[in-house]
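Only one structure is covered here, and it is reproduced in the block below.
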Amino acid sequence: MNTSPEELINRILDAPVGQVVTVLGETLDCNIKLRVIEQNTVAPNQFVRKVSIIADEFPVIKANVKFDSTVLPEFIMADLLKKKRGIGTILNVNGINATRNIISLNRSLDESKVSREYEIIHNGIVWFTIKEEIRLGNLSSDKNG
């Protein structure tokens, strides 16, 4: 990896909604996979989805996504319930423009871990609330060694 951990963190944080996997793939030049670990109903119309983004078999990003089926279009919910694609991919293939509203952002002192919480908003309505942890410790030590 020719990119410092700080540069990589900044690229991930600056990636447009739905483009994190693409940015990781381009920056790291390795195999990136998004896996939906589980998705559960936690209350009527309320769902939580756990996702992991993996680079060369190392988990780089772990995220918990909350969403309410009453605010999402039916075709988006149908795709989410299949548990096959990431939120960003679903939005992109359906041509949905969304924005990110950062609620919190915390960086570790050594820049190897960043936690953030944000909302994905479409037409003024919060569609998703995401808590994610970006971990670069294992990845950067492996690639720089």
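Remarks
- Taking label positions 7 Å along the Cα-Cβ direction at both ARG11 and ILE37, the computed distance is 2.5 nm, reported to one decimal.
- About the Cα centre, charge dipole magnitude for the chain (Lys/Arg +1, Asp/Glu -1 at Cβ), debye: 440 debye
- The loop-placed trypsin sites (Lys or Arg not before Pro) in the range 54-88, going by DSSP, that have at most 15 neighbouring Cβ atoms within 10 Å of their Cβ come out as LYS83, LYS84, ARG85.
- The residues neighbouring LYS131, those whose beta-carbon lies less than 12 Å from its own, together hold a net charge of +1 under the Lys/Arg +1, Asp/Glu -1 convention.
- Most mobile of GLY25, GLY88, GLY124 in a GNM of the chain (Cα contacts under 10 Å): GLY124
- Each 10 Å bin from zero up to the one holding the largest Cα-Cα distance in the range 95-135 carries the following percent of pairs: 30, 41, 22, 6.
- Theoretical ellipticity at 222 nm over the chain - DSSP helices of four or more residues, -39500 (n - 2.57) apiece, nearest 500: -8000 deg cm²/dmol
- Extension gain for the segment ARG107 to LYS50, taken as residue separation times 0.36 nm less the Cα-Cα distance, is 18.4 nm to one decimal.
Laboratory data are not the source of any read-out in this text; all were calculated from the coordinates shown. If you're wondering where the values come from, they're calculated on a predicted model, not measured in any experiment. All Cβ positions, glycine included, derive from the backbone under ideal geometry; neighbour counts span all protein chains shown.
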